[in-house]
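Contents: one structure, followed by commentary.
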């Protein structure tokens, strides 16, 4: 276990994002009529799927989320919490959910980009892997639910992750410390996502 | 090629499960209206998909089922057999199919857990990988057929694999030989699956 | 970077196939009502998904298409071109599209087989990997669009790739140079695909 600064920040950020996304995966599974096992599997896939795909692509096997039991435990916990407490979830404002999701998106985009840079990937690939980390779990969740991934249809979602990851890498190249580069990328991703929701920004579409 | 005892038991068990699951994959493809190629692809995916995902996750590449042509040959044979002989399949009692499937599930859960242990995975991860080996092929089959994986919706299925794998690992920890640990895990998984079918056990579900 | 002859032919062939398949992925995404991001993702998945799966299976990580930015750039370019110019695409004869697609299929089947042979895979596995390279992207595209992969339902498509790849390997075994073996395999795949379209050849199907 490397105990460098970047590594431990990465770990804390990863755990926070994992719990957030697991709750969302559990929520999608519950709406889709799945049973408790389905809820746990979708919590796991949503929370850890993006990072597992990233780790497979850079050859970091077994993936981090299988080497350290705390990831899987948090993912299952998030799914179980939603399953047990979903009655109370109905009262929560949709904006709270959207803002927490934007936070999770930003945390995962940063963590994914940082890991890709630790593995000496070139900038272009690091942006791609940061984005896959951020949105891959949601894509897997939608595939399990047999629906076209939401993020391919509308909204500034993966786009916010791409731009946040790019800002993080550019900030590093112009001399910011890794920590401040990560913060500037994360804030960019989060702000862009929230603004796009507020102002109903969408990407162009044929015939729309 | 290691010729240890565990390895050769693993191999025989894997081949038996492969043929069983391939026939089932061929059956699902036929019901879904696929052509002969679709039947062979689904036989392959159902029979070998779980083990391939396991091998990718532990970094055992190329996966065992690609290194040894007998796996793929058996998978294609199973699909082809069903395709040629499906007329005679209609007369088979559904209970025979369910019990053979429970046997396949148990064989794959054991084989997957054993391989994870051979690769020095911690207990928690070995249970996860045993379960992925057992149910991953069925999940891939359902994704190819564009439907929500059955095992996420109801039934004690993956749950039986999880518990069987856990029993196998616990039996090993309390001192049983690898062979007896595998047998106790497999019998647990099989019994649990068959009992759950007989008594219509299901996992809890929201709103159900 | 190996600069052998086979390697550079492989590279040129890969790039041509990538652009062709990316345009097709963009076309499918546009028909499916996806937005610009969805078009780019499907162009990427269709063009590079098969090769990425092949590289994961043979342990060539990070996959070639992530190590060299030109693959991804071409894939995104192909998607963007279709998105911008789709108005002009309506006038193109479907036969032009089918023949270009048959060319892409043949190029990828050859490139995939050649890479598998470079990695010392046995003949049987090289055929499987050549076919996965050729059709894997289209399967991923259909999974993203939440539909049963077309190639599993009818048509001589993957079958042409299988036979083309087998012819390439046999030609090598009987003493043809790698270049002529590749050409004979590619021509076989292409001819078979085009003939099957012209004469409406299909694989057998249960109940059809």
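Quick note: the coordinates plus some simple rules give every number you see, no bench work behind them. On a predicted model such as this, the values are computed, not experimentally measured, just so you know. Don't worry about glycine lacking a Cβ; one is built from the backbone with ideal geometry, like all the others, and counts go over all protein chains shown.
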What are the distances, in nm and sorted shortest first, from the label point of residue B:97 to the label points of the same position in each other copy, with each label point placed 7 Å from Cα along the Cα-to-Cβ direction?
3.7, 3.7
Which of C:138, C:49, C:59 fluctuates most in a GNM of chain C (C-alpha springs under 10 Å)? That residue is C:59
Placing each pseudo-label 7 Å from Cα in the direction of the beta carbon, residue B:11 and residue C:67 end up separated by a distance in nanometres of 3.2
When a/c is below 1.5 the answer is rounded, else prolate if a/b is larger than b/c, else oblate, so apply that to chain C with a ≥ b ≥ c taken from the square roots of the Cα gyration tensor eigenvalues.
oblate
For residue A:191, which inter-copy label distances result when the label point lies 7 Å beyond Cα on the Cα-to-Cβ vector, reported in nm to one decimal and in ascending order?
6.3, 6.3
Taking a ≥ b ≥ c as the square roots of the Cα gyration tensor eigenvalues, with a/c under 1.5 meaning rounded and otherwise prolate when a/b beats b/c, else oblate, which class fits the protein assembly as shown?
rounded
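Averaged over peptide C:142-152, how many Cβ atoms belonging to another chain are found within 10 Å of each residue's Cβ?
Rounded to a whole number, the mean comes out at 6.
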Once both labels are modelled 7 Å past Cα along the beta-carbon direction, what's the residue B:176-residue C:85 spacing in nm?
6.5
Would you mind telling me which residue in A:100, A:195, A:170 has the biggest mean-square fluctuation in a Gaussian network model of chain A, where springs connect alpha carbons within a distance under 10 angstrom?
A:195
In deg cm²/dmol, rounded to 500, what helix-only [θ] at 222 nm does the protein assembly as shown give when every DSSP H run of at least 4 residues adds -39500 (n - 2.57) and the total is split over its residues?
-26500 deg cm²/dmol
Between segment C:107-127 and segment A:106-164, how far is it from one alpha carbon centroid to the other, in angstrom?
31
Within a Gaussian network of chain A (alpha carbon springs, distance under 10 Å), most fluctuating of A:92, A:132, A:156:
A:92
Other copies of residue A:174: label-to-label distances in nm, shortest first, labels 7 Å along the beta-carbon direction:
6.4, 6.4
